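Nothing in this text is a laboratory measurement; each read-out follows from the coordinates by a stated rule. These numbers were taken from a predicted model, which means no experiment stands behind them. Here Cβ is always computed from backbone atoms with ideal geometry, including for glycine, and neighbour counts include all displayed protein chains.
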Amino acid sequence: MTEPSAFYNETAFDKVAINLFHGWGYNFYRVENQLRTDDLLIRSKVGWLLGLARAAVETAESAYRRTFLPPPSRAQPYHDPAAIAGAQALERLSQAIGAIEGQIRALPVPENDRMIERHRQEATTLTRLLAIDHRLVGQAELLRALLDGKDGGWLIEHATATLDALSLLAETVRERQAILFI
């Protein structure tokens, strides 16, 4: 049996990204104009994954509010401050995911003009962007998988780890932006 190519000797992020790329019909052997279009497609899929992660948090938040913040009654006219803080933490988590999703969807791609071609190697830049997009897909899928099906209590308990994952995603977005502004 032949030895697997270096293409399949990848890290966990790479394996997730490669599986998703192939499922989306992505092919690594394209010309510059197609790479530019592929970049848009990949970023829309990353946005989709983050949208699923945000939906999971919003579903958990809704269930948490129904359980821990029932309508006021004479016996209990005020809500428990800890329950309110938990609901607000879930809301902030959802907003943080949405903010990164919006950033990723709005990221620029190099334009196809002579000035850029003169000062920067377009294929090299697009290849570097592909590597960053590769990491974005892996990070977004792992975040989605982490949050999928979790309840509000679990999300509140693990909010710091989730926010750390989001900060890693934000750092990857900043790396991508830096490539275009070099």
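Worth pointing out:
- Rough spin-label spacing in nm, given labels placed 7 Å along Cα→Cβ, for residue 82 and residue 106: 3.9
- R0 of 30 Å, Cβ-Cβ distance residue 66-residue 164: FRET efficiency to nearest 0.05: 0.60
- Gain on full stretching of the segment that runs from residue 154 to residue 15 - 0.36 nm per residue minus C-alpha separation: 47.3 nm
- Low-density loop cleavage sites - trypsin sites (Lys or Arg not before Pro) in the stretch 59-97, where at most 15 other Cβ are within 10 Å (DSSP): 74
- Calculated from backbone phi, Karplus (6.51, -1.76, 1.60) coupling profile of the stretch 61-78 in Hz, x at Gly/Pro: 5, 4, 5, 4, 5, 4, 7, 9, 10, x, x, x, 9, 4, 5, 9, x, 10
- Computed from backbone phi with θ = phi - 60° and the Karplus coefficients 6.51, -1.76 and 1.60, the 3J(HN,Hα) list for the stretch 124-138 is 5, 4, 5, 5, 5, 5, 4, 5, 5, 4, 4, 5, 4, 4, x Hz; x is used for glycine and proline.
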